[in-house]
1. Going down the table (Lys64/Lys113; Lys266/Lys380; Lys52/Lys150; Lys151/Lys328), which pairs top 21 Å between alpha carbons?
2. Just to be sure I understand the model, the point goes 7 Å from the Cα along the line to the Cβ. What's the resulting Tyr294 to Leu343 distance in nm?
3. If the chain between Arg375 and Ala108 were fully stretched, how many nm would it gain, using 0.36 nm times the residue separation less the Cα-Cα distance?
4. How much accessible area per residue does region 265-408 have, in Å², with a 1.4 Å probe?
5. Would you grab the residues whose amide H sits under 5 Å from the one on Asp196? Only those 5+ places off in sequence or on another chain, please, with H modelled 1.01 Å from N.
6. Which value, in Å² rounded to 10, gives the accessible area of Lys315 with a 1.4 Å probe and all protein chains present?
7. Which whole-number percent of Cα pairs in region 257-408 have a distance greater than 17 Å?
8. Please arrange Ile75, Ile148 by accessible surface area, largest first, computed with a 1.4 Å probe and ligands excluded.
Amino acid sequence: MFTKSLLINLASIFCLYFLSIYSQSFAQTVSEETPAYTKGSVHGEIKDDQTKEPIPFVTISIIKLPDSTLVTGNISDENGIFEISQVPEGNYIARLNALGFKVLNTSAFTIDKGNRRINLGKIPLAADAKVMEEVVVQGEKGMMQNNIDKKVYNTEKMGVTQGATAVEILGNVPSVNVDVDGNASLRGGGVIILIDGRPSGLSGGSRSAALEQIPASSIERVEVITNPSAKYDPDGTTGIINIILKKNDKLGYNGSASISIGNRDKYNGSLNFNIRKKKLNFFTNYTYRYADYYGYGSSNRRSYLADTTFYLRQKNNSGNINISHLLKTGIDYRLNDRNSVGLSGTLNLRDRTGFEEIDYFTYDRYQAEIGSFRRDNGQKSNGNSFDVNANYIRTYATQGENLTVDFN
């Protein structure tokens, strides 16, 4: 069912398309009949008369006087600025047309030998109350947001969030590669991994093990910075992966709990709680993860140039159990509208137990068994890490400008 707003949009698009075709045709005719040195240009800037904000994509038509014929036209850019060139000598007005605004005709102007460049200045457009109606927009964040300096991926939009780990989350982020051992790389090179924008213990051989123990349910988003500035000290790396953990800051008392159960003994649980009153905000987040993994395989090998062993068959069975606890808690205090201080801590406890059983069977040329043996491998590892951060943030009047001081 077509709505009034949709019909207006379709009409506007048709008019712009017709105007562009007409302008190109007319410009070609004029260029053939009118010498270039007799032509001029018209430029200006269009703003909302109430908010003083620029109005983008306004249709500007150059109307010849006194017969009111359309000569040429153009569309304003994102900043409301326009320029129309190749306008022949004559008397004109400019007609401005934008969806949701009243049509405006400028004062008459003349392009002649003494005045080739016409500056219409800042042109205010008034909103058209007859066209504007109440509009309710309902939407939600997409999986990816493309900012100027980074790409942000919202983990809630990924199908692997429940029961997954940070390794599986990174494996679903474009341009990030994760090998079979859980090592992350960006565009095939080294990468710096940050937690909440700050350095952490995720480095060296312990990085993959630590990432496996961070439940995806505690991750709010992943930021990929492929061209980092000097702020991050990125020398010798191809980029930065910034993992942002969840942090509540809603007013009043808020809390939530979740649990998920998977097949073959996989369990995840999380608790979130925060208190925010006036200038003070206290938050805490706890996640628990238990996962039991298994694997099996077999191989057959035949040796043509060997001694008495002509066949070797191998079977293997493996498994490992990962248990992790992740606790993040902190407090923020707003000194005033421009200054705030905070103190937070993150505790990560992880334990991993694994085993591997490999059976070997050897056969002669007639495939009669001549020997067998088993190799058992066992491994157990654990790691504990604790990060503490104290910070001071000062914001300035210009949006995006701030001073941050961190102690880690």
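The values are calculated or read from the model by the stated rules, or taken from the named source; none is laboratory data. From a predicted model like this one, the values you see are computed outputs, not experimental measurements. Note that each Cβ is placed from the backbone with ideal geometry, even for glycine, and that neighbours are counted across all protein chains shown. Side chains are part of the model used for accessible areas, which takes the heavy atoms of the whole protein and leaves out ligands, DNA and RNA. Shrake-Rupley method; radii C 1.70, N 1.55, O 1.52, S 1.80 Å.
1. Working: Lys64/Lys113 17 Å; Lys266/Lys380 19 Å; Lys52/Lys150 31 Å; Lys151/Lys328 25 Å.
Too far apart for the 21 Å limit: Lys52/Lys150; Lys151/Lys328.
2. 4.9
3. Gain on extension, Arg375 to Ala108, equals 86.6 nm.
4. On the way: 9510 Å² over 144 residues.
Heavy-atom accessible area per residue stands at 66 Å².
5. Amide H to amide H, under 5 Å and 5 or more residues apart or across chains, Asp196 pairs with Ile243, Ile244, Leu245.
6. Counting only protein heavy atoms, the figure is 130 Å².
7. On the way: 8747 of 11476 pairs.
When all Cα pairs of region 257-408 are counted, 76 percent exceed 17 Å.
8. Numbers: Ile75 70, Ile148 180 Å².
Largest accessible area first, the residues go Ile148, Ile75.
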